[in-house]
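Take a look at the structure set out below.
The values are calculated or read from the model by the stated rules, or taken from the named source; none is laboratory data. Remember, predicted model here, so these are calculated numbers, not experimental data. No Cβ is skipped: glycine too gets one built from the backbone with ideal geometry, and neighbour counts run over all protein chains shown. We work out accessible area using only protein heavy atoms, side chains counted, and drop any ligands, DNA or RNA first. Shrake-Rupley method; radii C 1.70, N 1.55, O 1.52, S 1.80 Å.
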Amino acid sequence: MKSSAIAHSNIALIKYWGRSQEHDPYLNIPSHDSVSMTKYGLIPNTHLETHTTIDFSDVHKEDTAFLEGEVLTGRKMERILKVVNPLRKYANIDRKFKVMSRNDFPTQAGLASSASGFAALAIAAVNAFGISFSKEEISTCARLGSGSATRSIHGGFVYWHKGNSHETSYAEQICGPEEFDMNVVIALVHEGKKEVTSDVGHESAWTSPFNDVRTKKSQGQAIEIKNAILNDDFSKVGRIAEENCRYMHVVMMTSDPPLFYWHPDTLRLIKSIQRLRKESLECYSTIDAGPNVHCLCRPEDTYELQKMLEKMKFVRKTIPAKPANDSCVTKEHLF
Ligand code: DP6
């Protein structure tokens, strides 16, 4: 019972921040819908993907998990068990597992790895048990490990319905990777692990006096951006994504305790992107729970934008990416 999968990370255009207060926090059910682009890195050997192999066998005397060779324990192992245990129960199989996972991008660089990681884990585990789940059902399994992983099951542009139960909080594809013309250039301004993980940050979102407004606005923006994607309206997608990103960071900064994910260079970059947009090339910024900036652009502008960003001395590294295909099972096993 061995299976492997490859899944891609995603950048949120409408951000999930804070779990719904009305449901068991264990389920990672959000308070509004969210939207993302699943990413395929355009640098050889940096496709922004996670490759995971899981094996269920009586040979294993206990459950073990390795990420980049490191044994996972504590909260990290708990999150893996949240995905695997319900499937083990569903399949009515009692075997222990060994799981190995590898990212083709530096985990320390502040690029989200949990979305691709838990998406790959859910796909591999479902396939190892031979369970015939739809992609939408697999997305609910991934959600138990990490909210953003819900969306990484699909390629292209993806919509996560908040739902009101485990079964109804799932992601579906808005359109495939070729159907909406947008790329991103990731600009790294600061590398290193964040001080407060999103996992912890979600718990304090409700303490911001601005969170209710953000939640209502985000729900409307999720629908608006989905329509803009379907209408191939890059300018509208960029404008809404920038605005939604600011709402999330305002909530982070005004939560108790306050969370400042930005680095001084993050703000410098936001302003430079505004200037680039006015003076040379249409691009927009968005930032997840960290200091690095994703710069949204039209595909034909990708490499010119990359060159411009690389000229800025506070930008340490850039990674261009296009919309990825669906995450999938692979025959290549890691062990
Ligand atoms: C800011 O709960 O998916 O990226 O704790 O790393 O699993 P992990 O993150 P997750 O929260 C993601 C928050 C976000 C916005 C988003 O991706 O929607």
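If I model region 203-307 as equal point scatterers sitting on the Cα atoms and use the Debye formula, what is log10 I(q)/I(0) at q = 0.16 Å⁻¹?
Treating every Cα as an identical point scatterer, log10 I(q)/I(0) equals -0.77.
Suppose all protein chains stay in the model; what accessible area per residue would a 1.4 Å probe give for the chain, in Å²? Write down the numbers at each step before the final one.
Values: 14740 Å² over 335 residues.
Each residue of the chain exposes 44 Å² on average to a 1.4 Å probe.
So which of Lys2/Lys39; Lys39/Lys317; Lys236/Lys313 end up more than 19 Å apart, counting from Cα to Cα? Walk me through the numbers before you get to the answer.
Working: Lys2/Lys39 26 Å; Lys39/Lys317 17 Å; Lys236/Lys313 30 Å.
Where the Cα-Cα span goes over 19 Å, the pairs concerned are Lys2/Lys39; Lys236/Lys313.
In deg cm²/dmol and to the nearest 500, what is the mean residue ellipticity at 222 nm of the chain if only DSSP H runs of at least 4 residues count, each as -39500 (n - 2.57), divided by the residue total?
-11000 deg cm²/dmol
Semi-axes of the equivalent ellipsoid for region 90-150, please: Cα gyration tensor eigenvalues, times 5, square-rooted, ordered largest first, whole Å.
Semi-axes from the Cα gyration tensor: 23, 14, 9 Å.
Once both labels are modelled 7 Å past Cα along the beta-carbon direction, what's the Lys317-Glu282 spacing in nm?
3.2
Counting each pair of different Cα atoms once, what's the Kirkwood radius of region 278-335 in Å, rounded to one decimal?
For region 278-335, inverting the mean 1/r across all distinct Cα pairs yields 13.9 Å.
Which order do Tyr303, Tyr90, Tyr261 take when ranked by solvent-accessible area (1.4 Å probe, heavy atoms of all protein chains), largest first?
Most to least solvent-accessible, the answer reads Tyr90, Tyr303, Tyr261.
Can you divide the C-alpha Rg of the chain by 2.2 N^0.38 Å and report the result to two decimal places?
For the chain, the normalised Cα radius of gyration comes out at 0.95.
Using only the alpha carbons of region 81-193, determine the length spanned along each of the three principal axes and report them from longest to shortest in whole angstroms.
46, 31, 25
What Rg and what Dmax come out for region 2-73 when only alpha-carbon atoms are used, in angstroms?
Gyration radius and largest Cα-Cα distance of region 2-73: 16.9, 44 Å.
Sequence gap at least 6, Cα distance under 8 Å: using those rules, report the relative contact order of the chain to the nearest whole percent.
26
Please list, in order along region 269-285, the HN-Hα scalar couplings obtained from phi with the Karplus expression 6.51 cos²θ - 1.76 cosθ + 1.60 (θ = phi - 60°), rounded to whole Hz, x for Gly and Pro.
5, 4, 5, 5, 5, 4, 5, 4, 5, 6, 9, 9, 9, 6, 8, 9, 10
Can you tell me the order of 291-302, 12-23, 220-231 when each peptide is scored by its average per-residue count of other Cβ atoms within 10 angstrom, highest first? Walk me through the numbers on the way to the answer.
Values: 291-302: 21.2, 12-23: 22.8, 220-231: 18.3.
Going from most to least packed, we get 12-23, 291-302, 220-231.
Rounding to the nearest 10 and keeping the result within 0 to 90°, find how far the Cα-based axis of helix 302-311 lies from the longest principal axis of the chain.
Roughly 70 degrees between the two axes.
Sort 55-66, 273-284 by packing, meaning the average of other beta carbons within 10 Å per residue, with the highest value first. Mind dumping the intermediate values first?
Details: 55-66: 14.3, 273-284: 16.1.
Per-residue mean Cβ counts within 10 Å order the peptides as 273-284, 55-66.
From the Cα trace of region 1-150, what convex hull volume per residue do you get, rounded to a whole Å³?
121
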